[in-house]
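Please treat every number below as a calculation from the coordinates, not as lab data. In this text, all values refer to a predicted model and were calculated from it rather than measured experimentally. Cβ atoms come from the backbone with ideal geometry, glycine included; neighbour counts cover every protein chain shown.
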Amino acid sequence: MRYPSHLLKLIQAFRKLPGVGNKSAERFAFHLMNWDRGTLSEMAELIKRIPDEIHSCAECGCFTDKESCQFCHPERLTTGVLCVIASPRDAYAIEETREFKGIYQVLGGLLSPLDGIGPDLLAIPSLLRRIQTFNVREVVIALDSTLEGDTTALYIKRELDSLSVITSRLAFGLPMGSSLDYVDGGTLARAFAGRGKF
Ligand SMILES: [Zn+2]
C-alpha cells in the first residue's frame, strides 16, 4: 500500500527536523490531514515568512527582528565579558539563569572533522575581532560537554593564547537533585576535578 505522493513528501519534509524519525514524521503528517485549510495556510505562512521576519545579528550572530539585537545593547558591550556559544538558542538558556550580563558570540556549530566542519566554518574571525573592539577581558566558553564541544573549546583556548584575556569554561558537575549513585563515572570525575570552595 502506497501513501499518496504529497503525503509522502510531507513525511520526508518532517524527517529533516532534529530528533524526528520515520514514525514521528508519519504521525505529524497524518495529524495535518485533520487541519482545516485556514490553519494550514497560517502555519505555511509562518514558516514562509521566517527569512523576512528573523535574521542573525551582524555582530554576535544571535537571532533578532531588529537592526541590532537585544544582546548587543550598549550597556552589555562595555562589560568586558564575552560568552562563546554554539547556536543562537543557547543565549536564551543562559539568559534564563540571569547570571550573565556580557555579550555573546555565536560560533554557528562545533568542530567535527568527521562531518567536515573545520574552523573555517565557525565564526572565529568575528570572535577575535570583537575581543579587540570591545576590550574583552574574559571569554566564557559555554559549549557542550561532548567530544565536539571539548575539541572546539580547546581550539578556541589556543587561538586566544596570544591575547591578554582570561578564558573560562562552564563548570561540569552533578545535575540538580541527583544522587551520587546514579551519576556516571565521567560526570563524577569532571565534578571532582572542577570542585569549588564551599
Ligand atoms: Zn547581537
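Taking a threshold of 29 Å on the Cα-Cα distance, which of the pairs Lys66/Lys157; Lys23/Lys48; Lys48/Lys157; Lys23/Lys66; Lys9/Lys48 fall above it?
Values: Lys66/Lys157 32 Å; Lys23/Lys48 25 Å; Lys48/Lys157 39 Å; Lys23/Lys66 38 Å; Lys9/Lys48 17 Å.
In this structure, Lys66/Lys157; Lys48/Lys157; Lys23/Lys66 lie more than 29 Å apart at Cα.
Regarding the range 82-139, what is the average projected area of its C-alpha convex hull, in nm²? Could you put the intermediate results ahead of the total?
Details: hull surface 17.3 nm².
Taking a quarter of the hull surface, the average projection is 4.3 nm².
What is the set of long-range amide H partners of Ile141 at a cut-off below 5 Å, with H atoms built 1.01 Å from backbone N?
It is Val84, Ser168, Arg169, Leu170, by chain and number.
Along the charge dipole of the chain, pointing to its positive end and built from +1/-1 on Cβ of Lys, Arg, Asp and Glu, which listed residue (Val140, Ser5, Ala153) has its Cα farthest out?
Of Val140, Ser5, Ala153, it is Ser5.
Between the DSSP loop rule and a limit of at most 14 other Cβ atoms within 10 Å, which GluC sites (Glu not before Pro) in the range 66-103 are left? Intermediate results must be reported in sequence, preceding the final value.
Working: sites: Glu67, Glu75, Glu95, Glu96, Glu99; in loops: Glu67, Glu99.
Passing sites in the range 66-103 are Glu67, Glu99.
At q = 0.19, 0.23 Å⁻¹, what is the base-10 log of I(q)/I(0) for the range 118-172 according to the Debye formula with one equal point scatterer per Cα and no solvent? Please give it to two decimals.
Each listed q corresponds, in turn, to -0.67, -0.96.
Can you give the convex hull volume per residue for the Cα atoms of the range 55-198, as a whole number of Å³?
Details: hull volume 20.6 nm³, N = 144.
Hull volume over Cα atoms, normalised by residue count, gives 143 Å³.
If you consider only alpha-carbon coordinates, what radius of gyration and Dmax does the range 1-85 have, in Å?
When restricted to the Cα atoms of the range 1-85, Rg and Dmax are 19.4, 63 Å.
Using each residue's phi in the range 69-74, evaluate 6.51 cos²θ - 1.76 cosθ + 1.60 at θ = phi - 60° and report the 3J(HN,Hα) Karplus result to the nearest Hz, with x for Gly and Pro.
Along the range 69-74, the couplings run 7, 5, 7, 9, 4, x Hz.
Which three semi-axes in whole Å describe the equivalent ellipsoid of the range 1-51, each the square root of 5 times a Cα gyration tensor eigenvalue, listed largest first?
On the way: eigenvalues 75, 44, 18 Å².
The equivalent ellipsoid of the range 1-51 has semi-axes of 19, 15, 9 Å.
How far is the Cα center of the range 107-156 from the Cα center of the range 1-74, in Å?
Here the answer is 27 Å between Cα centres.
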